[in-house]
1. Quick check, is residue 152 assigned to a helix (DSSP H, G or I), buried (at least 20 other Cβ atoms within 10 Å of the Cβ) and over 17 Å from the mean Cα position of the chain (by Cα)?
2. What tally of residues in the stretch 47-59 results from selecting those that are in a helix (DSSP H, G or I) and surrounded by 17 or more Cβ atoms within 10 Å (Cβ to Cβ)?
3. Need pairs with beta-carbon distance below 9 Å; first residue within 17 Å of residue 141 (Cα to Cα) and within the stretch 111-124, second part of a helix (DSSP H, G or I); sequence gap 6+ or separate chains.
4. Restricting attention to the stretch 156-168, does a residue exist that is under 22 Å from the mean Cα position of the chain (by Cα) and modelled with pLDDT under 95?
5. Just need a number here: residues in the stretch 155-186 that are in a strand (DSSP E or B), farther than 26 Å from residue 92 by Cα and free of Cβ contacts under 8 Å to residues at least 24 places away in the same chain.
6. Which of the residues belonging to the stretch 90-123 are outside any strand (DSSP E or B), over 16 Å from the mean Cα position of the chain (by Cα) and surrounded by 20 or more Cβ atoms within 10 Å (Cβ to Cβ)?
7. From (1) within 16 Å of residue 183 (Cβ to Cβ); (2) touching a helix residue (DSSP H, G or I) at 6+ places or on another chain (Cβ under 6 Å), pick out the condition that doesn't hold for residue 81.
8. Hey, any hits in the stretch 60-73 for a residue that's at pLDDT 90 or above, more than 28 Å from residue 104 (Cβ to Cβ) and assigned to a helix (DSSP H, G or I)?
């Protein structure tokens, strides 16, 4: 990561991943960055999301969003920074509990490595961050949303009754294009 840039529109050299970001009609579509989890954890969260998220609103697999909307025209710079950030050992993330989202439920996550990684990227991308991405980051995996509050409370209580904190492996970073609901995958950057 090269640190903050004074002019977010200015081009800059970047490293290319094996799969470069898509160009063309999607160039100005916002970018989303996620933390990728090891397959077993991903499958468990996907099953919970499929079981509890309203089907007509469930366009995505379970995910850990790090950045919600980076400028699509900066795809090369974002890709280069993600490639550099992924040059680090894989690490575990603690699944620490359940969080009521009002109209949904999420598993809360914690890892010093994740906090540091995101902070470094946020510093590099500071001119590009939306108000949502400038807020304090509270990593989580949403398994239910867009339901009545009573339904969300009932699920949170049911899941909390058998919950035991546990680690899951983080395997890399994902880059996506936001398509108004669904996301289109752009590239994955595996940790060393």
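1. Spelling it out, residue 152 is indeed assigned to a helix (DSSP H, G or I), buried (at least 20 other Cβ atoms within 10 Å of the Cβ) and over 17 Å from the mean Cα position of the chain (by Cα).
2. 3
3. Pairs found: 111/117.
4. Scanning the stretch 156-168 turns up no residue that is under 22 Å from the mean Cα position of the chain (by Cα) and modelled with pLDDT under 95.
5. Of the residues in the stretch 155-186, 0 are in a strand (DSSP E or B), farther than 26 Å from residue 92 by Cα and free of Cβ contacts under 8 Å to residues at least 24 places away in the same chain.
6. If the condition is that a residue be outside any strand (DSSP E or B), over 16 Å from the mean Cα position of the chain (by Cα) and surrounded by 20 or more Cβ atoms within 10 Å (Cβ to Cβ), then 104 is the only one that fits.
7. (1)
8. yes
The values are calculated or read from the model by the stated rules, or taken from the named source; none is laboratory data. All of these numbers come straight from a predicted model, not from anything done at the bench. Glycine gets a Cβ as well: all are built from the backbone with ideal geometry, and neighbour counts include every protein chain shown.
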